[in-house]
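**Q** One structure is given below, represented as structure tokens, and several questions about it will come after.
The values are calculated or read from the model by the stated rules, or taken from the named source; none is laboratory data. For clarity, every value in this text was computed on a predicted model and none was experimentally measured. Here the Cβ positions follow ideal geometry from the backbone for every residue, glycine too, while neighbour counts run over all protein chains shown. Remember, those area values only see protein heavy atoms, side chains included, never the ligands or the DNA or RNA. Shrake-Rupley method; radii C 1.70, N 1.55, O 1.52, S 1.80 Å.
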Amino acid sequence: MSLKLHVFPPSPRAFKVQAAANHLGLDYELCFVNLAKGDQKRPEHLAINPNGKMPVLEEDGFALWESNAILHYLAGKKPGSGLLPLDERGRADVMRWLFWDSAHWDAACAILVFEHLVKPMFGRGGADPVEVAKGEERFQQCAKVLDALLKGRKFICGDKLTLADFSIGASLILAEQAKLPLVPYAEIKRWYAGLTALPCWQKTLAGIAAAG
Ligand SMILES: N[C@@H](CCC(=O)N[C@@H](CS)C(=O)NCC(=O)O)C(=O)O
């Protein structure tokens, strides 16, 4: 199989690329990057991502890192799927949300994932209250924008599922463990419930559970 996804499955950034590939019906080989064992810093991994991070897509000598760039590449394999609209404004709208994810949403969620989940999991001490407060403030700023946008909408870019939903929805797979302060955001919870009902979402979650 020529398409490979190098992932640590429990991570939202790994989840989004697998869920999108599953939705698109693409065949891929899952290459497990064990972050707990430092696989991401081994020479063979640094050769495909000098940042020493996952996810990484590899295909016929082409290596691509950054989860949102990977989503874009995957959608390009099935141009009719609608995940990346063909009209210029539709595409730009999706790209806007992918950039927003990288710059703001993922960045805010990552602080809380690190403090509440990664630290206890890897024995790196207790949560730092200053970091938690910073993460919660940034999360709330983003969540207000997203919640307001989602009023009267099924998906982030309108009636149709796009890459934006995979990119932004993925962080919520850890909402409980990372203590993301979602309680006031009814629209986000409604939208996310819709994503969790998608067969690709279920399949990807099942894969994480099976990987232990
Ligand atoms: N912006 C990157 C972030 C990638 C990233 O930070 N991955 C983390 C796990 S979610 C990682 O591999 N960390 C391992 C390390 O830093 O040693 C993306 O979206 O792909």
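**Q** From SER11, SER81, which residue is polar (S, T, N, Q), within 15 Å of the ligand (Cβ to nearest atom) and touching a residue at least 12 places away in the same chain (Cβ under 8 Å)?
**A** Details: SER81 fails: within 15 Å of the ligand (Cβ to nearest atom).
One residue alone meets the criteria, SER11.
**Q** For the range 86-96, give me each residue that is open to solvent by less than 50 Å² (accessible area, probe 1.4 Å) and out of contact with any helix residue (DSSP H, G or I) (no Cβ under 9 Å at 6 or more places or on another chain).
**A** Matches in the range 86-96: GLY90 only.
**Q** If you check every pair at least six apart or on different chains, which have Cβ atoms under 8 Å apart with a residue in the range 87-109 that is under 18 Å from ILE70 (Cβ atoms) first and a residue that is open to solvent by 80 Å² or more (accessible area, probe 1.4 Å) and near the ligand (Cβ under 10 Å from one of its atoms) second?
**A** Pairs that qualify, where the first residue is under 18 Å from ILE70 (Cβ atoms) and the partner is open to solvent by 80 Å² or more (accessible area, probe 1.4 Å) and near the ligand (Cβ under 10 Å from one of its atoms), are SER102/GLU66; ASP106/ARG13.
**Q** Can you pull out the helices (runs of 4 or more DSSP H) entirely within the range 97-179 that have at least 1 residues that are open to solvent by 50 Å² or more (accessible area, probe 1.4 Å) and more than 13 Å from the ligand (Cβ to nearest atom)? Steps first, please.
**A** Details: elements: 106-113, 129-150, 163-169.
Counting at least 1 such residues, we get 129-150.
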